[in-house]
Amino acid sequence: MNLEKVVFGFFVLLAATLNFGFFIGDISNPALHNVYELFAAIVVSLVATVLKFGDRTQIGAVHLATSLVADLQLVAAALAWTYAAHIAATGLTPSAMASVVSLSGGALFANVVSVVLLVVETVSYHRR
């Protein structure tokens with residue numbers, strides 16, 4: 001068993017599940033979306049991105065691209081939440097929350113693509 005592959009797979013799956021946990025629920029209800037879960041999703045997604053830098057294969061490049069997309073979407077979601085909650089005069093309205101959750105949905109899609117790539121890569125692996 002390759003410990004590096006285990007750690008890599010762990011962080012890829014953890015990033016996807018944390019993002020899913022944040023995303024699920026009524027899109028406009030802030031009570032159903034925890035800011036700490038969004039923060040955890042960002043941190044784990046960034047760790048997964050760093051782990052993807054070492055792979056020099058074509059599938060590794062696509063893994064890195066999906067991870068960078070997820071990071072960008074999650075950071076944008078955090079910035080939108082911060083702006084709405086702390087800077088905007090209207091506060092965290094349902095439409096602002098919908099924007100935050102929609103951005104995390106884009107990151108979730110990128111994470112799903114990354115998980116599918118991981119499964120395809122694992123299934124196509126041939127022992128030498």
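Brief remarks on what is shown
- Residue check for V44: of a type in the set (A, V, I, L, M), within 17 Å of F8 (Cβ to Cβ) and touching a Leu at 6+ places or on another chain (Cβ under 8 Å): yes
- Those helices (runs of 4 or more DSSP H) of the range 1-114 in which 3 or more residues are open to solvent by 20 Å² or more (accessible area, probe 1.4 Å) and in contact (Cβ under 8 Å) with a residue 60 or more places away in the chain occupy 3-23.
- Test set (1) in contact (Cβ under 8 Å) with a residue 40 or more places away in the chain; (2) closer than 22 Å to M1 by Cα; (3) open to solvent by 70 Å² or more (accessible area, probe 1.4 Å) - E121 fails condition number: (3)
The values are calculated or read from the model by the stated rules, or taken from the named source; none is laboratory data. Source: prediction; values computed, not measured. Positions of Cβ are backbone-derived with ideal geometry, glycine not excepted, and every protein chain shown enters the neighbour counts. For accessibility, only protein heavy atoms count, side chains too; no ligands or nucleic acids. Shrake-Rupley method; radii C 1.70, N 1.55, O 1.52, S 1.80 Å.
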